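Visitor: My questions all concern the structure below.
The values are calculated or read from the model by the stated rules, or taken from the named source; none is laboratory data. Computed from a predicted model, the values in this text were never measured in an experiment. Note that each Cβ is placed from the backbone with ideal geometry, even for glycine, and that neighbours are counted across all protein chains shown. Side chains included, ligands, DNA and RNA excluded: accessible areas come from the protein's heavy atoms. Shrake-Rupley method; radii C 1.70, N 1.55, O 1.52, S 1.80 Å.
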Amino acid sequence: MKTITSNECIERPIKQGIENELAIDFVKTNFAQQLCMELNLFRVQAPIAVEENTGINDDLNGVERAVSFSISDMGNSRAVVVQSLAKWKRVRLAQLGIETGKGILTDMRAIRPDEKLSPIHSIFVDQWDWEKVISIGQRNIATLKETVNAIFRAIRKTEHEVFTAYPQIEPFFPENIHYIHSQELLQLFPKLSPKERENEIAKQYGAVFIFGIGDTLTDGKPHDGRAPDYDDWSSQNELGYTGLNGDIIVWNPVSQSALELSSMGIRVDKLALIRQLSIAGCPEREKLLFHSMLLSDQLPQTIGGGIGQSRLCMFLLRKKHIGEVQVGIWSASTRLAYKHEGIEII
């Protein structure tokens, strides 16, 4: 089996129509199975919406609007469509009484109306949301790296299965994923924007995990935004920096740019939650349901994250636009532009 470099890789799309649908299902089925084996997970059901003002919905960067609606038979109480399941999963682990070393996996479906549409961004978000119970002693970089390595193995094994089924799509991933802290990345490329830094490091290594997403760097800005109440991005770590979280970034040979496949991390404990709520200027959240449960020791220590389903399908099937692997809402001009390139937006 030949592993090709970014310069050698060319786009070899699966045929549109039935073959495309079968290939998408092939990737999703294989990867979910590999991920469950690597991380010791089992599948659970998940909500499409949660009650408003519980603190359970993901606030992402804190500015995105959640789609909300009233429930007639519950006195018109408000609910919000999930933006991710970062906090819900931790509550569910507590409800299920899952022991240390085991976790859950679910298919998350979200609507993000403020998403800027692009070849990799849609208002419809589909990802594998996973969460695993860890011990207090496992809240460290070693645990984070061990978990990232397991996820990367699942991705590479799925890539091999795709190559076996579709030999025209040659493997691209390196054998190992590269690790770097966001502060180190800034020091390497001080004149570049965060996205430009990701492009440079992903192109160099093929696959990279960037630690410490959310805390302020020496240039006065975070590499990227993170909500204060799920990932721990402020605790001191063994690397001499802050953060027990990060992103899996790969080099996309079709678009010739970096592609984020996963955002993940060790979750906040009580001290990190209080500290990050203060940094974010929202200490009043401590009174919300999720936050009060965490502060009263009702939730387990966990590690978790989300892995983009459509993005992984895009990458492994060498697609140019996310609309080739998911049903979204796109403008007529977008559909027409890609049609002229011979690309069908579903």
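Visitor: Could you tell me how many of the residues in region 141-188 are of a type in the set (D, E, K, R), more than 20 Å from the chain's Cα centre (by Cα) and in a helix (DSSP H, G or I)?
Guide: 2
Visitor: Scan Ala86, Ala94 and give me the residue that is out of contact with any His (no Cβ under 9 Å at 6 or more places or on another chain), open to solvent by 20 Å² or more (accessible area, probe 1.4 Å) and closer than 19 Å to Val268 by Cβ.
Guide: On inspection, the qualifying residue turns out to be Ala94.
Visitor: Here's another thing I want to ask about it. Do we have any residue at all in region 197-204 that's of a type in the set (Gly, Ala, Ser), open to solvent by less than 60 Å² (accessible area, probe 1.4 Å) and either in contact with a Gly (Cβ under 9 Å, 6 or more places away or on another chain) or at pLDDT below 95 (or both)?
Guide: No, region 197-204 contains no residue that is of a type in the set (Gly, Ala, Ser), open to solvent by less than 60 Å² (accessible area, probe 1.4 Å) and either in contact with a Gly (Cβ under 9 Å, 6 or more places away or on another chain) or at pLDDT below 95 (or both).
Visitor: Quickly run through region 240-270 and pick out the residues that are open to solvent by 50 Å² or more (accessible area, probe 1.4 Å) and either within 19 Å of Ile56 (Cα to Cα) or basic (Lys, Arg) (or both).
Guide: Lys270
Visitor: Same structure again: Is region 51-71 home to any residue that is open to solvent by 20 Å² or more (accessible area, probe 1.4 Å), of a type in the set (Lys, Arg) and either at pLDDT 90 or above or within 22 Å of Arg112 (Cβ to Cβ) (or both)?
Guide: yes
Visitor: Give region 275-306 a look and list any residue that's modelled with pLDDT of 95 or more, farther than 22 Å from Asp215 by Cβ and under 25 Å from the mean Cα position of the chain (by Cα), or say none.
Guide: Met293, Leu299, Pro300
Visitor: Now a separate question. Would you please name the residue that is surrounded by the most Cβ atoms within 10 Å (Cβ to Cβ), looking only at residues in region 159-194 that are within 18 Å of Arg311 (Cβ to Cβ) and touching a strand residue (DSSP E or B) at 6+ places or on another chain (Cβ under 7 Å)?
Guide: If we take residues in region 159-194 being within 18 Å of Arg311 (Cβ to Cβ) and touching a strand residue (DSSP E or B) at 6+ places or on another chain (Cβ under 7 Å), then Ile177 is surrounded by the most Cβ atoms within 10 Å (Cβ to Cβ).
Visitor: From the set of residues in region 113-135 that are open to solvent by 40 Å² or more (accessible area, probe 1.4 Å) and of a type in the set (Asp, Glu), which is farthest from Ser257 (Cα to Cα)?
Guide: Among those residues, the one meeting the criterion is Asp114.
Visitor: Is one or more of the residues making up region 302-318 open to solvent by less than 30 Å² (accessible area, probe 1.4 Å), in contact (Cβ under 8 Å) with a residue 60 or more places away in the chain and charged (D, E, K, R)?
Guide: yes
Visitor: Looking at (1) out of contact with any helix residue (DSSP H, G or I) (no Cβ under 7 Å at 6 or more places or on another chain); (2) closer than 25 Å to Ser193 by Cα; (3) not acidic (Asp, Glu), which one does Leu289 not meet, given that it meets all the others?
Guide: (2)
Visitor: Report whether or not Gln138 is open to solvent by 10 Å² or more (accessible area, probe 1.4 Å), over 20 Å from the mean Cα position of the chain (by Cα), of a type outside the set (Val, Ile, Thr) and closer than 19 Å to Glu198 by Cβ.
Guide: No, not satisfied.
Visitor: A further question on this structure: Pick from Ser292, Ser278, Ser296: which is open to solvent by 20 Å² or more (accessible area, probe 1.4 Å), polar (S, T, N, Q), closer than 21 Å to Ser135 by Cβ and without any contact (Cβ under 8 Å) to a residue 24 or more places away in the chain?
Guide: Within the list Ser292, Ser278, Ser296, the selection yields Ser296.
Visitor: While we're looking at this one, here's another question. One residue is enough: does region 197-219 have a residue meeting the conditions outside any strand (DSSP E or B), among the acidic types (Asp, Glu) and under 23 Å from Gly281 (Cβ atoms)?
Guide: Taking every residue of region 197-219 in turn, at least one turns out to be outside any strand (DSSP E or B), among the acidic types (Asp, Glu) and under 23 Å from Gly281 (Cβ atoms).
Visitor: For Arg226, only one of the following conditions fails: (1) modelled with pLDDT under 95; (2) surrounded by fewer than 16 Cβ atoms within 10 Å (Cβ to Cβ); (3) within 30 Å of Gly281 (Cβ to Cβ). What is its number?
Guide: Every condition holds for Arg226 apart from (2).
Visitor: While we're looking at this one, here's another question. For region 18-111, which fully contained strands (runs of 3 or more DSSP E) count at least 1 residues that are out of contact with any Pro (no Cβ under 7 Å at 6 or more places or on another chain) and over 23 Å from Gln301 (Cβ atoms)?
Guide: Per the criteria, 49-51, 68-71, 77-81, 103-111.
Visitor: Can you spot a residue in region 142-149 that is buried (at least 16 other Cβ atoms within 10 Å of the Cβ), of a type outside the set (S, T, N, Q) and either within 28 Å of Val27 (Cβ to Cβ) or touching a residue at least 40 places away in the same chain (Cβ under 8 Å) (or both)?
Guide: Looking through region 142-149, at least one residue is buried (at least 16 other Cβ atoms within 10 Å of the Cβ), of a type outside the set (S, T, N, Q) and either within 28 Å of Val27 (Cβ to Cβ) or touching a residue at least 40 places away in the same chain (Cβ under 8 Å) (or both).
Visitor: Does Ile266 satisfy being outside any loop (DSSP other than H, G, I, E, B), modelled with pLDDT of 95 or more, over 20 Å from the mean Cα position of the chain (by Cα) and among the β-branched types (Val, Ile, Thr)?
Guide: Here the answer is no, as Ile266 does not meet what is asked.
Visitor: Would you check if Ala110 is over 28 Å from Asn237 (Cα atoms) and surrounded by 22 or more Cβ atoms within 10 Å (Cβ to Cβ)?
Guide: Judged against the criteria, Ala110 is a match.
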